[in-house]
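In what follows, a single structure is set out as structure tokens and then discussed.
The values are calculated or read from the model by the stated rules, or taken from the named source; none is laboratory data. Treat the numbers as computed from the prediction; the structure is a model and nothing was measured. All Cβ positions, glycine included, derive from the backbone under ideal geometry; neighbour counts span all protein chains shown. Note: accessible area is taken over every heavy atom of the protein model, side chains too, but ligands, DNA and RNA are not part of it. Shrake-Rupley method; radii C 1.70, N 1.55, O 1.52, S 1.80 Å.
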Amino acid sequence: YLQSTSKKTNNKKIAIVRFGNVFNSSGSVIPLFQKQIEDGGPVTVTSKSVTRYFMSIPEAVSLILKASMDANKAEIFILDMGKPIKIFDLAKKLIRLSGLKEKLNPDDNGDILIKFIGLKKGEKEHEELLIGDDYQRTENNSIMIAHEPLLEENVLNDLLIQLQDAVDKENNDVLPKILNKFFDFNSSNIEK
């Protein structure tokens, strides 16, 4: 939507910035784990192999501001988040930093149980910031610009009308199907 809007106007500067998790932000898993540890557990983790990217709040803010200064026509800026972190390892580390020991079964020796709850519907095991490998680095090595397909305006407008209609009718069952259409690009509907 933002890319489509930017094509229609010359007086707006629009930037899209994509990045992973921010330590201690409102959506971060860390405060959740800390609360679960304070409550005596269990600490809930989706699986042993799930990974996510993390950065600090100051680092995220700094890179977002730098990307916004380079924005021209709704580029997709991707922040280099470094190497992904295993959420299981993060849970263990937080338990140990609390002076406690983790356990994987209720009968094991340890203080805090780590309980595996499985991935939610649609949740990915490994986070992806780049879709494909068509990108370029900027002068700042921590910021990249992704080159991704753009929906044609008429297709986008049709999807937005369907979405608004479903919301107006409170048709919650069809909403995910419409939202998925935004990602199910048909090559005939994509501008390069």
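So the values come out like this:
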| read-out | value |
| --- | --- |
| Prolate/oblate/rounded call for the stretch 27-100, Cα gyration tensor, a/c under 1.5 rounded | prolate |
| Cα-centre dipole for the chain with unit charges at Cβ (Lys and Arg positive, Asp and Glu negative), debye to 20 | 420 |
| Chain lengthening between Lys177 and Asn157 when straightened (0.36 nm per residue, less Cα-Cα) | 5.6 nm |
| Within the accessible area of the chain (1.4 Å probe), percent carbon and sulfur | 51 |
| Within-9-Å neighbourhood charge of Pro84 [Cβ basis; K, R +1; D, E -1] | +2 |
| Option label - log10 I(q)/I(0) by the Debye sum over Cα atoms at q = 0.10, 0.16 Å⁻¹ computed here, alternatives (1) -0.65, -1.21; (2) -0.59, -1.13; (3) -0.42, -1.04 | (2) |
| Global form of the stretch 1-67, assessed from the alpha-carbon gyration tensor, a/c cut-off 1.5 | prolate |
| Listed pairs Lys12/Lys86; Lys35/Lys124; Lys13/Lys181; Lys115/Lys169; Lys83/Lys121 exceeding 31 Å between Cα atoms | Lys12/Lys86; Lys115/Lys169 |
| Interchain or long-range residues, amide H under 5 Å from Lys115's placed H | Val43, Thr44, Val45 |
| Förster-model FRET efficiency, 45 Å R0, Glu139 and Asn109, C-beta, rounded to 0.05 | 0.30 |
| Mean Cα-pair separation over length for the chain, i.e. relative contact order, pairs under 8 Å, 6 or more apart, % | 23 |
| Local net charge near Arg96, Cβ-Cβ under 13 Å (Lys/Arg +1, Asp/Glu -1) | +1 |
| Scattering curve values for the stretch 72-186, log₁₀ I(q)/I(0), Debye with Cα scatterers, q = 0.10, 0.11, 0.22, 0.24 Å⁻¹ | -0.60, -0.69, -1.21, -1.30 |
